[in-house]
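> This structure is in structure tokens; I'll ask about it shortly.
Read-outs: derived from the displayed coordinates by stated rules, not from any lab. Here the structure is a predicted model, which is why all the values come from computation and not from measurement. Cβ atoms come from the backbone with ideal geometry, glycine included; neighbour counts cover every protein chain shown.
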Amino acid sequence: MSEKHNKNSEKCEDCEENSTGNNREKRQGCASEHNDDCDVVIIGAGPAGTVAACLLRQRGYRVLVLERQRFPRFVIGESLLPQSLQTLEKAGCLAAVSAYGFQRKTGATFKSGERSVDVIFEDKFSDGPGHAFHVERADFDQILAHCAMEQGADVRFAHEVVAVDLKRDDCRLDWRNRAGQSGQVRCRFVLDASGYGRVLPRVLGIDRPSSLPMRGALFTHFTDHIAADSGHQRNTTLVAIHPHNPALWFWLISFANGRSSLGVVGDLADLQPHQARGLAGLKALVAEEPNLSRLLRHADFDMPAQTLSGYSSSVSQFYGDGFALLGNAAEFLDPVFSSGVTVAMHSADLAVQALDKTLAGQPVDWRAEYVDCLMQGVDVFRYYVESWYNQRLQQVIFSDAKNAQITAMITAILAGYAWDTGNPFVKHPERLDTVAKLCQP
């Protein structure tokens, strides 16, 4: 028996915007604006939602995407990993992303005081692309949404889901927009790709706290004015460790247009006083890190700083009668290895494979074919996140005694290939502990 669920949702501050261009002609069976029928409704038009829409359209399903915000919109998660390019290609989006002119990303640079280590993705153990991109998400997400519309998905912006009634093959979702219009859509299945909004986990009461400690972030975009002779590599993500607190670290992600994303992450107890000061707090922390302070001495901080607190999340179930959760709507770990978008898009790929069988009336084990497959990689990332904050991974990264083959295996994980079970460090993440002990001074 299905149950009716409602939530007291916040009023959308974005202007009403429906799908644009010739997309209205490509709705493939979704009827009027106020009473629609389709095969799958996707909540959220971030990377997980639009990739899922593309993959479902390739299989011929009628897809409606409901996005609460109006695009383009600001969001972080700008450092892609090479593994994600495989998913983008599968979804038919890689050509558009590659052609846009995003900053090519070839690896990561880790700095701690005078120590500096470059992790080059091409040196990885696993097969697959050896580069990715630094992307401003406002542009990247817009490109993916356009790809979904071009493939025939109906994408509607500024449409908020306010109630759901879930039962496989007979799901109903009520939506409304800022203009006061409302309607109901009926579908066979719902995919929640709402990210931090976590629509279904909140409505269904399946939200659960993460096992990771409470951490926060303070971040902004700015015009960096970094000199060409500064030694800064715009094609790598810079991760700098605070000189007095190894659990506090900075990211610097440089874009192709002379702007960069800057953020600092740490335990909430350490970070909250700086979060309260906004941009001044961020600049004060940067001043304490000599490498960043020198690099950004001419920067023009032309945007206010934003904050995230307690961002790690989990759920008690990833799927149920008529629904499945994708990406951050289900599980988010930490920004340290830029795994969020990779996990989100890979979850879309796995879920669509299982959903295709479900909608075709074929037997499917969602636990084995979706959750277990997804969590295999997520758990590897989780282990590496924990190893970063307890400094075991930092010991390995900055060690002068690293073995080349072992380094290649660890590099593959940092490049996003956390589902490659041919990699011994994926199959047995705890091997990292042994390496860390060997790397101790």
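> Sorting ASP420, ASP169 on the 10 Å Cβ count, fewest up front, what's the list?
With the sparsest Cβ surroundings first, the list reads ASP169, ASP420.
> Rounded to the nearest 0.05, what FRET efficiency do ASP302 and GLU122 have when you use their Cβ-Cβ distance and R0 = 22 Å?
Approximately 0.05, to the nearest 0.05.
> Separate question: At a Förster radius of 25 Å, what calculated FRET efficiency corresponds to the Cβ-Cβ distance of ALA404 and THR434, to the nearest 0.05?
Calculated transfer efficiency: 0.90.
> Next question. At 0.36 nm per residue, minus the direct Cα-Cα distance, what do ASP174 and GLU369 gain on full extension? Give it in nm, one decimal, please.
Numbers: separation 195, 0.36 × 195 = 70.20 nm, distance 2.98 nm.
Gain in length upon complete extension: 67.2 nm.
> Compute the separation of the alpha-carbon centres of region 200-229 and region 113-159 and state it in Å as a whole number.
17
> Let me check against my output: what whole-number percent is the relative contact order of region 383-438, with C-alpha pairs under 8 Å and at least 6 apart? All intermediate terms of the calculation are to be shown ahead of the outcome.
Details: 28 pairs, mean separation 22.1, N = 56.
Contact order relative to length: 39 percent.
> With the crude spin-label approximation of a point 7 Å out along Cα→Cβ, what separation in nm comes out for GLN362 versus ARG73?
Rounded to a tenth, the inter-label distance reads 3.5 nm.
> For each of GLU331, GLU114, GLU150, count neighbouring Cβ atoms within 10 Å of the residue's Cβ, then give the residues from fewest to most. Numbers along the way, then the final one.
Values: GLU331 25, GLU114 7, GLU150 17.
Starting with the residue having the fewest Cβ neighbours, the order is GLU114, GLU150, GLU331.
> When every alpha-carbon pair in region 302-370 is counted, what percent end up more than 21 Å apart?
37
> Also, quick follow-up: Restricting to lysine pairs 8 or more places apart or on different chains, what number in the chain have Cα atoms under 23 Å apart?
Here the count comes out as 18.
> Distance from a point 7 Å along Cα→Cβ of GLN317 to each backbone N in region 324-355: keep the residues under 11 Å and list them by number.
Answer for region 324-355: 324.
> On full extension of the chain, what length is gained from ALA96 through GLN272, given 0.36 nm per residue of separation minus the C-alpha to C-alpha distance?
Value of the extension gain: 59.4 nm.
> Right, here's the next one. Counting each DSSP H run of 4 or more residues in the chain as -39500 (n - 2.57), what helix-only mean residue ellipticity at 222 nm follows after dividing by all residues, to the nearest 500 deg cm²/dmol?
-9000 deg cm²/dmol
> In nm², what is the average projected area of the convex hull enclosing the Cα atoms of the chain?
Result: 20.5 nm².
> Okay, which of region 304-339 sit inside 16 Å, backbone N to the point 7 Å along the Cα-Cβ direction of ALA138?
Counting backbone N atoms under 16 Å from the label point, the list is 304-306.
> Hey, for a label at HIS225 modelled as a point 7 Å past Cα toward Cβ, could you say which residues of region 237-267 have their backbone N under 20 Å away?
Taking a point 7 Å out along Cα→Cβ of HIS225, the residues of region 237-267 whose backbone N falls under 20 Å are 252-263.
> Taking K and R as +1 and D and E as -1, what net charge do the other residues with C-beta under 11 Å from the C-beta of ASN245 add up to?
Around ASN245, the charge tally is -4.
> Between GLU114 and GLN184, how many nm apart are label points set 7 Å from Cα along the C-beta direction?
Spacing of the two 7 Å Cα→Cβ label points: 7.1 nm.
> Right, something else. Starting from the Cα of LYS167, step 7 Å along the direction of its Cβ; do the same at LYS427; then give the gap between the two resulting points in nm.
Spacing of the two 7 Å Cα→Cβ label points: 4.7 nm.
> Considering just Cα atoms, how many Å³ per residue does the convex hull of region 68-134 enclose?
So the per-residue hull volume is 134 Å³.
> Using a 10 Å cut-off around each Cβ, can you sort LYS437, LYS283, LYS167 from fewest to most neighbouring Cβ atoms?
LYS437, LYS167, LYS283
> Separate question: Take the Cβ-Cβ distance between ARG208 and ASN390 as r, set R0 to 25 Å, and report the resulting FRET efficiency rounded to the nearest 0.05.
0.60
> Just to confirm a number: summing +1 for Lys and Arg and -1 for Asp and Glu over residues other than TRP419 whose beta-carbon lies under 15 angstrom from that of TRP419, what do you get?
-3
> Given contacts defined as C-alpha pairs under 8 Å and at least six residues apart, what's the relative contact order of the chain, whole-number percent?
20
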